[in-house]
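Okay, so here's the structure we're looking at.
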Amino acid sequence: MKQFAIIGLAPFGIRMLEQLSLITRDIIIIDKNPDVINLYKDLAREAFIMDAVNEKVLYKIIPPEIDAAILDLGSSLEAAIMVTNYLKKLQVKEIIVKADNDQQGDVLKIVGATKVVFPDQETAKSLTPLLASASLFKYMPVSTTLVMAELLIPPDLAGKTAREANVRKNYGINIIAIRHENEKEFQMLPHADYVFLPDDVILVAGIPSKIQALVAEGEVEHASGLRNFFKFMFSSRL
């Protein structure tokens, strides 16, 4: 199961915590405000009241196997730069940092951010499934009833032809295009006898519940949590 750290419970950090907690409680939260920690501690596995710029303490708290850290220290760019660099030294796989503008984003990438976000109300909802899933690469809500997504072909479909898989009939979604995982460009599905490879990435479109079912094929560990997230996401869009 993936592990997450949310450092700083400013508005974006709180939204990410609320979304991720629908999938897992394997979350560490850190903030220097005790009132904020007390308010949200039940959504996390561990909660720490501390200033994240304390490098030595941060190293003790963040486990080496952490999968992703989300950083939202409000308007303090200096603190964000310092903590981002600390996380890079810890070799955290994904470091997602909230920034206010492109200039801040450029600086944060230089010091170690793997992704910089300029959050609005929908950012947390779009980012959460990508963090929680190992096989979902892009998730693009078009409306409350239509989603486009890039995902790794589920293991049960690898080795089958497009005709045998019959994704449209069995899952109610359409495969728009396909590419190999190490390639950037998509191409149209060649023919019905094309055999899906384990590293194929498919671009699909469909209603959220159908996308969820296909993603869950390759995400057994998180299947119930992902179902809860998708259900919440599309019953309470902001």
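Computed from the coordinates by the stated procedures, all read-outs in this text should not be read as laboratory data. Model, not experiment: these values are computed from the prediction. Because the Cβ atoms are built from the backbone with ideal geometry, glycine has one as well, and the counts that use them run over all protein chains shown.
A DSSP coil position with no more than 13 other Cβ atoms inside 10 Å describes the following trypsin sites (Lys or Arg not before Pro) in the range 146-213: Lys184.
A protection proxy built from the mean count of other Cβ atoms within 10 Å ranks the segments 40-46, 81-87, 192-198, most packed first, as 81-87, 40-46, 192-198.
Other residues lying with their Cβ under 13 Å from the Cβ of Asn174 contribute a combined charge of +3, Lys and Arg counting +1, Asp and Glu -1. In order along the range 189-197, the Karplus-derived 3J(HN,Hα) couplings, from 6.51 cos²θ - 1.76 cosθ + 1.60 at θ = phi - 60°, round to 4, x, 6, 5, 8, 5, 9, 5, 9 Hz, and Gly and Pro are given as x. The string of couplings for the range 78-92 from the Karplus curve (6.51, -1.76, 1.60, θ = phi - 60°) is 4, 5, 4, 4, 4, 5, 4, 5, 4, 5, 5, 4, 6, 6, 5 Hz, one whole number per residue in order, with x for Gly and Pro. Counting charges near Asp42 (Lys, Arg +1; Asp, Glu -1) among other residues having Cβ under 13 Å from its Cβ returns a value of +1. Close amide H contacts of Ile6 (hydrogens built in the peptide plane, cut-off under 5 Å, sequence separation of 5 or more or a different chain): Ile28, Ile29, Ile30, Ile70. The coefficient of translational diffusion for the range 1-53, derived via Stokes-Einstein from the alpha carbon Kirkwood radius under 10 °C and 1.306 mPa s, stands at 148 µm²/s. Students often get this wrong, so check it: of Lys56/Lys184; Lys2/Lys184; Lys98/Lys184; Lys56/Lys115, which have C-alpha atoms separated by over 30 Å? Correct reply: Lys56/Lys184. Here the 3J(HN,Hα) profile of the range 167-177, calculated from phi with Karplus coefficients 6.51, -1.76 and 1.60 at θ = phi - 60°, is 4, 5, 6, 7, 10, x, 10, 10, 7, 8, 7 Hz, Gly and Pro shown as x. Taken over the Cα atoms of the range 4-126, the convex hull encloses 92 Å³ per residue.
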